[in-house]
Amino acid sequence: MMTIHIVGGGLAGSEAAYQAAKSGLPVVLYEMRPVKPSPAHKSDKFAELVCSNSLKSNNLDNAAGLLKEEMRILDSLIIEAAEATRVPAGQALAVDREAFSEYVTRRLYSLDNLKIVREEVINPKIEADDIWIFASGPLTSESLLGYLQSLFGQPYLHFFDAAAPLVSRESLDMSKIYAASRYDKGDPDYLNCPMNKEEYLQFWQALVEAKQVELKEFEEEKYFQGCVPIEELAARGQDTLAYGPLKPKGLIDPKTGETPYAVVQLRQDNIAADLYGLVGFQTSLLFPEQKRVFSLIPGLEKAEFLRYGVMHRNTFIQSPILLDEHFRLKTKKNIFFAGQMTGVEGYIESAATGLICGINAARQLKGQEPLSPGQHSMLGALMHYATNCDPKRFQPMNAVFGIMPPLAERVRNKRQRYSMYSKRGIEAIEEYRALLEVK
Ligand SMILES: Cc1cc2nc3c(=O)[nH]c(=O)nc-3n(C[C@H](O)[C@H](O)[C@H](O)COP(=O)(O)OP(=O)(O)OC[C@H]3O[C@@H](n4cnc5c(N)ncnc54)[C@H](O)[C@@H]3O)c2cc1C
């Protein structure tokens, strides 16, 4: 019988299984724990939270808050479980982690048409009539990785992420920053933060003294070879940065007519041009340290960090090359990918993509077209980012307003603007839900 197979009972796989099973079609969910443990999970429960117990803000003027509201509207099991097992955490939605996974596990076992198989998927036989959703997460087992590599036919897998911080353009002090491309070649696409010698030395000193995230046992250095964090480059000598990622050559400051001692370049990260990345700043500094040290860069004193830099072991695929807008393999439309391995980052983001893949897998098996919630929703914006980002610069992304299309009108007040994004997002998801009910 035509079946939906889901690999991985984490945040994404559990949500996908619930959504697919609601259709009444046969669904099989494979989870390797406890037969084969992962290096980070501690239990045999579904949707285990491997680290923090927070699912971030619940406020609607926050991108994570909007994403959760969209999931609530679409009857998410993960949100249902979070609300049932909530613990006090101010504006955030935090949970009792054991009760949370227990809740999800119980709900999944109660679904008649969902079969749960405790085994490691290594070399699945994919029949053309069936649908498969791979949601095996950032620590996908080695054997399955080999299979996926052969499925793609190209080395389209990443084994760690090395994302540089992103800042909002409106928070930059443009009286200090200038737009220019090196040697004036092409358009002045980069925003340049000039440093004199004193500023550079102060920044360098703070950088080499800043506190870093400790590597987990399973994050041996081999995973990070070929990608040196900015703080490690700095530690090699006082001038390494000024001759490396901060080299000022060909970047004359129009205000002084001179070449600065060093320059930090910012590169546009989204079409709306309100999100900029710090070029060459892959880092594993603690988040508060990133804010403290990177705010010493001229022009970034009041920068709003929309994403901090991260470097951790993380298996993810080259989604912009491999996946269509519904997270199906472009070359095999009966294979979906969901969760962290698609290049979204975070518990909720992972669950959200599982939700859409579960809905669309069921639609497809019933002979219906998959439906996208569209970029005006946070969910659709995340999926759009992951499948349309420049493949050369693709790094995992969490929910931020900066990846959504700009509003029709310019709204200066940030809080008001974010509320308007949320209002538009909720409307988009309401429309999506109505479409799902009709078609
Ligand atoms: C150490 C660590 C700390 C993190 N901390 C946070 C945090 O604090 N906040 C946050 O938002 N995000 C955090 N993340 C990211 C987090 O993992 C994801 O946000 C989220 O768990 C991803 O959901 P997922 O469903 O894609 O993967 P997971 O939740 O990891 O689920 C994948 C599942 O697939 C199973 N599996 C793997 N291979 C196979 C196979 N071959 N066959 C069958 N089953 C398989 C695994 O056992 C696992 O249960 C952290 C990640 C790591 C590794």
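Throughout, read-outs are computed from the coordinates displayed, never taken from laboratory work. A quick note: this is a predicted structure, and the numbers were derived from the prediction, not measured. All Cβ positions, even for glycine, are placed from backbone atoms using ideal geometry, and neighbour counts span all protein chains on display.
Worth a mention:
- Applying the criteria of a DSSP loop state and at most 16 other Cβ atoms within 10 Å to the trypsin sites (Lys or Arg not before Pro) of the stretch 184-293 yields Lys185, Lys211, Lys216, Arg236, Lys249, Lys255.
- Computed about its Cα centre, the charge dipole of the stretch 166-308 is approximately 260 debye, with only Lys, Arg, Asp and Glu carrying charge at their Cβ.
- Linear extension gain, Leu436 paired with Lys42, 0.36 nm per residue minus alpha-carbon span: 138.1 nm
- Anisotropy class of the stretch 233-291 from Cα gyration tensor, a/c 1.5 cut: oblate
- Over the C-alpha atoms of the stretch 310-425, the Rg to Rh ratio, Rh being the Kirkwood estimate, stands at 1.00.
- Taking all pairs of distinct alpha-carbon atoms in the chain, Kirkwood radius in angstrom: 22.8 Å
- Cβ-to-Cβ counts within 10 Å put Ile4, Ile317 in ascending order as Ile317, Ile4, the fewest first.
- For the stretch 1-160, relative contact order (Cα pairs under 8 Å, six or more residues apart, normalised by length) works out to 34 percent.
- Overall form of the stretch 98-161 per C-alpha gyration tensor (a/c, 1.5; a/b vs b/c): oblate
- Computed over the stretch 15-84: relative contact order in percent, which uses C-alpha pairs under 8 Å that are six or more apart: 23 percent
- Averaging over all projection directions, the Cα-based convex hull of the stretch 370-439 occupies 5.6 nm² in the image plane.
- Loop-located GluC sites (Glu not before Pro) across the stretch 324-356 with a Cβ neighbour count of 16 or fewer within 10 Å are Glu325, with loop assigned by DSSP.
- The ranking of Glu199, Glu301 by Cβ neighbour count inside 10 Å, starting from the fewest, reads Glu301, Glu199.
- Spherically averaged projected area of the stretch 166-308 from its Cα convex hull (nm²): 9.1 nm²
- Applying both filters, DSSP loop and at most 15 other Cβ atoms within 10 Å, to the chymotrypsin sites (Phe, Trp or Tyr not before Pro) of the stretch 170-243 gives Phe218.
- Residue exposure proxy: Asp184, Asp75, ordered by other Cβ atoms within 10 angstrom of their Cβ from fewest to most, comes out as Asp184, Asp75.
- Note: relative contact order over the chain, using C-alpha pairs below 8 Å and six or more positions apart, is 22 percent.
- Counted as membrane-span-like here are DSSP H helices of the chain whose alpha-carbon atoms extend 30 Å or more along the helix's own axis and whose Kyte-Doolittle mean is -1.0 or above; these are 414-438.
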